[in-house]
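Engineer: Structure provided below as structure tokens; questions to follow.
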Amino acid sequence: MEKITSFTIDHIKLVPGIYVSRKDTVGKEVITTFDLRLTNPNEEPVMNTAEIHTIEHLAATFLRNHPDFGAKTIYFGPMGCRTGFYLLLAGDYASEDIVPLVTEMFSFISNFEGDVPGASAKDCGNYLDMNLPMAKYVAKKYLTEVLGQITEQQLIYPE
Ligand SMILES: [Zn+2]
């Protein structure tokens, strides 16, 4: 079988950032898939599933309620390697276009207080597997170490 595009990225050179993973055309609409990379692949510890799960619930809630991007949000979910997330938006975007959105989203997560949306037995398949304090820690780290001072190298995949 052919090696799929996301396995052709050089994960040794890849650093935390926001990248366009791929663009797909469905009908007349372009769908942009973003790679929101939070940890340095194979260089630092990955996120644990509980904080990933909490970020997934909070980010999905944030995105679906967003006045500009709510209707454009196709999907938000974790990478199996636990180093980041995929965000799929309807529209043709560059990674720098969504720096404000991603900053707003991780600010929302880092400041979140109260019950995690959807964290109940009725709404989720593993609702006890949540860690809000670690989700907030991870979100704040991404905000301060990556999003607040993002460089060109962190917006375009390494050659
Ligand atoms: Zn869940």
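Every number here is computed from the coordinates shown, using simple stated rules; none is lab data. All of these numbers come straight from a predicted model, not from anything done at the bench. Cβ placement follows ideal geometry from the backbone for every residue including glycine, while neighbour counts extend to all protein chains displayed.
Engineer: Take segment 80-115 and flag every residue that is closer than 12 Å to Ile55 by Cα and aliphatic (A, V, I, L, M).
Structural biologist: Met105, Ile109
Engineer: Conditions: (1) of a type in the set (Gly, Ala, Ser); (2) part of a helix (DSSP H, G or I); (3) within 23 Å of Ala119 (Cβ to Cβ). Ser6 meets all but one. Number of the miss?
Structural biologist: Looking at each condition in turn, Ser6 falls short on (3).
Engineer: Pick from segment 104-115 the residues that are part of a loop (DSSP other than H, G, I, E, B) and within 16 Å of the ligand (Cβ to nearest atom): which of them is surrounded by the fewest Cβ atoms within 10 Å (Cβ to Cβ)?
Structural biologist: If we filter segment 104-115 for residues that are part of a loop (DSSP other than H, G, I, E, B), which is where we start, we get 111-115.
Narrowing further to those that are within 16 Å of the ligand (Cβ to nearest atom): 112, 115.
Values: Phe112: 20, Asp115: 10.
Here the answer is Asp115.
Engineer: Condition first: under 30 Å from Thr8 (Cα atoms) and in a helix (DSSP H, G or I). Can you find one or more residues in segment 120-134 that meet it?
Structural biologist: No: zero hits.
Engineer: Look through segment 23-73, keep the residues that are loosely packed, with under 14 Cβ neighbours inside 10 Å and charged (D, E, K, R), and return whichever of them is nearest to His11 (Cα to Cα).
Structural biologist: Taking the candidates together, the pick is Glu43.
Engineer: Which residue is nearest to Asn48 (Cα to Cα), if the candidates are limited to segment 116-159 and must be among the charged types (D, E, K, R) and within 13 Å of the ligand (Cβ to nearest atom)?
Structural biologist: By that ranking, first place goes to Asp129.
Engineer: Tell me which residues, restricted to segment 46-61, are within 12 Å of the chain's Cα centre (by Cα) and away from the ligand (no atom under 14 Å from the Cβ).
Structural biologist: none
Engineer: Starting from segment 125-146, keep only residues that are under 18 Å from Leu101 (Cα atoms) and free of Cβ contacts under 8 Å to residues at least 12 places away in the same chain, then list their pairs with residues that are away from the ligand (no atom under 15 Å from the Cβ) and among the β-branched types (Val, Ile, Thr) whose Cβ atoms are within a distance under 6 Å, requiring at least 6 positions of separation or different chains.
Structural biologist: Correct list of pairs: empty, since none qualify.
Engineer: Scanning segment 144-159 for residues that are among the β-branched types (Val, Ile, Thr) and within 19 Å of Ile12 (Cβ to Cβ), which turns out nearest to the chain's Cα centre (by Cα)?
Structural biologist: Top of the filtered list is Val146.
Engineer: Pairs please, first residue from segment 16-40 and in a loop (DSSP other than H, G, I, E, B), second anywhere and among the basic types (Lys, Arg), Cβ atoms under 6 Å, 6+ apart in sequence or on different chains.
Structural biologist: Correct list of pairs: Pro16/Arg37.
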